[in-house]
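Data block below; observations after.
What follows is calculated from the coordinates using simple rules that are stated; it is not laboratory data. This structure is a prediction, so every number in the text was calculated from the model and none was measured. Cβ sites come from the backbone with ideal geometry, for glycine too, and all protein chains shown count toward neighbours.
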Number of protein chains: 2
Amino acid sequence: MKVFFAGSIRGGRQLISTYEYIIRFLEAHNYMIISEHVALQDLERIEAKMTEQAIFKKDTTWIEESDCVIAEVTVPSTGVGYEICHAVNHQKPVLCVYEEGAKVSAMVLGNTSKYIIARSYSNKQQLEEILLDFLGKNSRM
Amino acid sequence: MKVFFAGSIRGGRQLISTYEYIIRFLEAHNYMIISEHVALQDLERIEAKMTEQAIFKKDTTWIEESDCVIAEVTVPSTGVGYEICHAVNHQKPVLCVYEEGAKVSAMVLGNTSKYIIARSYSNKQQLEEILLDFLGKNSRM
């Protein structure tokens, strides 16, 4: 199953270690993450060599080719918000996870689409359970 | 002409004075801003009385009822990103403005949709010209 992972890039890289953790955890469970670059320490340098349009086309295409999307939404990110909406419009199940206490947009928390789930976590174990529960449900689809 | 204005709410309110400026400028030019609450100083208090779903439905409906959308994207915002995508999917012209030097998402800067324009500004006069130019073009549609 192909999973598109969305995390803040230009919005701020303060949670990059969480993104790495999520991606490694999912790969250890044999899920294919088709946007693992989000957790790369030198992502900005890599993306600086691509045009803005190339990045846009790459990400939107990957979303369209994915089976589902996981977005870490603790750090506000215009790009992640765009990607969540794009995924919903392509009928992709989307799991939005965030640290308990984070101020998360009503466009996520109040979203009425059947394709979106939003879950807060307060520790790694809880985060792992949320991820596996979502992916397990979508594997059976 | 009904204009939906999008600016960061939970992503951070540091540019609220800019949002107020934009909205007052447009209203002085007789444009109807259908989301002027974005510039309210006590918005969080007002929205705290609404459910997340009510906020989501209100904003998405307003976008769908608008003639065009203006988004100030200097401050990263998951909600603004979602709203931009929602507007594009409803064939609404979207103007994204940002302070020169801001790190803006490739989902905005590299967007290939004919409905999106992104423009940086370095002073108020330039911002005003960009706004009037966009609205003038869309008034004639």
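Before moving on, here are some points about what is shown:
- Among the conditions (1) surrounded by 18 or more Cβ atoms within 10 Å (Cβ to Cβ); (2) in contact with a Ser or Thr (Cβ under 6 Å, 6 or more places away or on another chain), residue B:95 misses just one, which is (2).
- Comparison of B:18, B:60 shows that the only residue that is surrounded by 17 or more Cβ atoms within 10 Å (Cβ to Cβ), within 12 Å of chain A (Cβ to nearest Cβ) and closer than 24 Å to residue A:75 by Cβ is B:60.
- Residues located in the stretch B:64-85, provided they are more than 9 Å from every other protein chain (Cβ to nearest Cβ) and either farther than 30 Å from residue B:123 by Cα or surrounded by 21 or more Cβ atoms within 10 Å (Cβ to Cβ) (or both): B:64, B:65, B:66, B:68, B:69, B:70, B:72, B:74
- Residue list for the stretch B:105-117, restricted to those being β-branched (Val, Ile, Thr) and at the interface with chain A (Cβ under 7 Å from one of its Cβ atoms): B:108, B:112
- In summary, residue B:3 fulfils each of the numbered conditions (1) more than 13 Å from residue A:107 (Cα to Cα); (2) within 11 Å of chain A (Cβ to nearest Cβ); (3) crowded, with 20+ Cβ neighbours inside 10 Å with the single exception of condition (2).
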